[in-house]
Every structure is written in structure tokens, then in C-alpha cells.
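**Student:** Below you will find the structure I want to go over with you.
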Amino acid sequence: MSQFRDFNLKLLVIEELMYGPEPLLPVYDLPARLAERGIGDPASYVLENGLHAEVLPESRTHFETLEIPAELLAHVEELCFDAGADVFRHCAPAWDGEDDLFDVRSLDDIALLPNLRGVTFVEDGVLAVPDAADVFAAHGVDTD
């Protein structure tokens with residue numbers, strides 16, 4: 001099994017494999033899990049409990065321990081560095097995108113994605129790697 005060093009890059013890979021148009025991993029549904037515990041509104045829950053500025057422990061544990069086989073990693077051809085990724089809502093339901101909670105700080109893990117051919121950056125993105133375009137170019141990855 002492949003081990004990611006940058007948790008936030010792993011989350012973006014999970015975004016593609018779990019929440020993309022053709023999910024290849026079982027969906028992790030934080031609102032459903034919280035509903036089982038009688039919590040109806042995840043955002044209100046985290047705000048009321050002072051958890052709004054962090055990844056919920058149960059989500060972190062789930063995603064950190066999620067094993068992604070190399071065969072599935074080979075399906076990742078594109079990544080989008082977007083603060084609006086669905087996976088972030090399942091980690092921190094009241095996150096407003098205004099801080100660096102989900103910033104990707106290392107691109108070392110792109111070596112785990114043998115078929116990555118393109119990445120998209122958005123203005124409110126989560127990429128905090130200096131010279132990222134050069135790193136991607138060195139790996140033959142197109143940038144938009």
C-alpha cells in the first residue's frame with residue numbers, strides 16, 4: 001500500500017477517487033455518521049464545540065488510515081487544487097477556506113500517481129508549494 005506524506009495531497013487524491021464522477025472508493029459521509037449520533041447539522045455542531053478550525057478527529061483517522069491500492073492511484077489522471085473540494089466538507093464541515101488548514105505543502109507524493117497528467121489551480125486553491133509549476137513540469141504534468 002502506498003503511504004502519503006502530505007495528508008492534504010492525499011485528501012485531493014481521495015476527492016478524485018471517492019467524490020468524483022465515477023467513485024472508485026466507498027464514500028465517507030460525515031453528515032450520515034454524525035446523524036447516527038443524533039447530530040443533525042455538522043456545521044452547527046463543530047461551531048458550537050469549537051471544532052471549526054480543525055479536521056474532526058474521526059475524519060482524520062478515517063482518511064489517514066484509508067489504504068489506497070496502487071491500482072486505484074493509477075486511475076488518477078487529474079487533480080484540482082480547489083478549496084471547495086467535497087472531501088474538505090467531510091473533514092471540517094464549517095471550514096470557510098480562509099486559512100491554511102488544507103494547504104498542500106509538499107508534492108513529493110505525486111510520485112505515487114503514475115498517470116497524473118494534469119492539475120488545475122483555482123484562485124482560492126490550497127497549493128502552498130513554492131515553484132509548484134516547475135515540480136509538476138519535471139514530472140510531465142500539465143498545469144492550468
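**Student:** Out of [x] 48, 31, 25; [y] 35, 35, 29; [z] 44, 38, 25, which label holds the value of Cα extents along the principal axes in Å that was computed here?
**Tutor:** [x]
**Student:** Below 11 angstrom from the Cβ of Phe4, what's the summed charge of the other residues (Lys, Arg +1; Asp, Glu -1)? Walk me through the numbers before you get to the answer.
**Tutor:** Values: positive: Arg5, Lys10; negative: Asp6, Glu64, Glu67, Asp108, Asp109.
That works out to -3.
**Student:** How far apart, in nm, are two points set 7 Å out from the Cα along the Cα-to-Cβ line at Leu51 and at His139?
**Tutor:** 3.2
**Student:** At 1.4 Å probe size, with every protein chain present, just tell me what the per residue accessible area of the chain comes to in Å². Please list the in-between numbers first.
**Tutor:** Numbers: 7650 Å² over 144 residues.
With the other protein chains kept in place, the chain gives 53 Å² per residue.
**Student:** Specify which residue in the list Ala83, Thr143, Ala35 is farthest towards the positive end of the charge dipole of the chain, using unit charges on the beta carbon of Lys, Arg (+1) and Asp, Glu (-1), about the Cα centre.
**Tutor:** Of Ala83, Thr143, Ala35, it is Ala35.
**Student:** Then there's this: Using a 7 Å offset from the Cα along the Cα-to-Cβ direction at both Glu71 and Asp29, what is the distance between the two label points in nm, to one decimal?
**Tutor:** 2.6
**Student:** How much net charge surrounds Asp142 when only the other residues with a Cβ under 11 Å from the Cβ of Asp142 are counted, with Lys and Arg +1 and Asp and Glu -1?
**Tutor:** Around Asp142, the charge tally is -2.
**Student:** Around Pro114, what is the net charge, scoring Lys/Arg as +1 and Asp/Glu as -1 over all other residues with Cβ under 13 Å from its Cβ? Don't jump to the answer; show the numbers that get you there.
**Tutor:** Values: positive: Arg117; negative: Glu71, Glu77, Asp109.
Value of the local net charge: -2.
**Student:** Using the alpha-carbon atoms, what tilt in degrees (0 to 90, nearest 10) does helix 7-18 show relative to the longest principal axis of the chain?
**Tutor:** Tilt relative to the chain: about 90 degrees.
**Student:** So which GluC sites (Glu not before Pro) in segment 1-65 are both in a DSSP loop and have at most 14 other Cβ atoms within 10 Å of their Cβ? It would help to have the intermediate numbers written out before the result.
**Tutor:** Numbers: sites: Glu15, Glu16, Glu36, Glu48, Glu54, Glu58, Glu64; in loops: Glu54.
Passing both the DSSP loop test and the Cβ count: Glu54.
**Student:** Please give the charge dipole size of the chain, origin at the Cα centre, charges +1 on K and R Cβ atoms and -1 on D and E Cβ atoms. Round to the nearest 20 debye. Mind showing how you got there, number by number?
**Tutor:** Details: 8 positive and 30 negative charges, 99 e Å.
Its charge dipole is roughly 480 debye.
**Student:** What number, rounded to the nearest 500 deg cm²/dmol, is the helix-based mean residue ellipticity at 222 nm of the chain, given -39500 (n - 2.57) per DSSP H run of at least four residues and division by all its residues? Display every interim value, and only then the final one.
**Tutor:** Numbers: 7 runs with 50 residues, N = 144.
Calculated from helices alone, the mean residue ellipticity at 222 nm is -9000 deg cm²/dmol.
The values are calculated or read from the model by the stated rules, or taken from the named source; none is laboratory data. Source: prediction; values computed, not measured. Cβ sites come from the backbone with ideal geometry, for glycine too, and all protein chains shown count toward neighbours. To get the accessible areas, we keep the full protein, side chains included, count just its heavy atoms, and leave off ligands, DNA and RNA. Shrake-Rupley method; radii C 1.70, N 1.55, O 1.52, S 1.80 Å.
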